Amino acid sequence: MGNCWHKWTHHPKRIIIKKYVLYSKKTLSPPLISLHIGVASPIISTFKKTWVLPNKFLTTNKVKEVSYKIIHRYYPANHYMQKLKKYINTNCSFCDSHPETVNLLFWLCPYTKKLWADLSRFTIDYLTKDFVLHFENVVFGFHNFSKREGKCYFLINLFLFLAKMFIHKSKCIKKIPSFVIF
Ligand SMILES: [Zn+2]
């Protein structure tokens, strides 16, 4: 019994699960941390895929960095920056009508929504008809698709990385993000 317990407590899968639960408690919403210990979880496999996804593309480190900061919740959106800069304008850099948090800047702002809607339209017209984009796809990418759709979703994931970088750049240069310019 002692030997079995030693084997389990030092099993690599258990260590990965333990680390992931700690990570989830810090960063994700509660439903995602319900794991069956000892069973290979689809959440963990998705997390691993998310982790290696940026390395599939020949993009600059800056492109990867923007996504990395969003996933790890330290993207410097104005709302969070007020802790460091007291007199900063905390409103959205694009519309100036709501606090600038990550999900508002990258998803809910009307200008960003328009960009994602145009990108989705383009994807439906030229890549795949059954395309629906959610905020979790913007953050983590697409991982569940058939082999046949592999090439399409390779491009779609690349577009997502570039679009997040484009939104970040637009914020920096204080320009409204537009699909035509993207
Ligand atoms: Zn806005």
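The values are calculated or read from the model by the stated rules, or taken from the named source; none is laboratory data. As the structure is a computational prediction, the values presented were derived from the model and not from experiment. With ideal geometry, Cβ positions are generated from the backbone for all residues, glycine too; neighbour counts draw on all protein chains shown.
Say whether the condition of being within 19 Å of F135 (Cβ to Cβ), surrounded by 15 or more Cβ atoms within 10 Å (Cβ to Cβ), modelled with pLDDT of 75 or more and in contact with a helix residue (DSSP H, G or I) (Cβ under 8 Å, 6 or more places away or on another chain) is met by at least one residue in region 53-62.
Yes, region 53-62 has at least one match.
Restricting to region 133-168, count the residues that are under 17 Å from the mean Cα position of the chain (by Cα), under 20 Å from L58 (Cβ atoms) and charged (D, E, K, R).
Within region 133-168, residues that are under 17 Å from the mean Cα position of the chain (by Cα), under 20 Å from L58 (Cβ atoms) and charged (D, E, K, R) number 1.
Tally the residues that are more than 15 Å from the ligand (Cβ to nearest atom) and more than 14 Å from S178 (Cβ to Cβ), restricting the search to region 94-134.
Number satisfying all stated conditions: 13.
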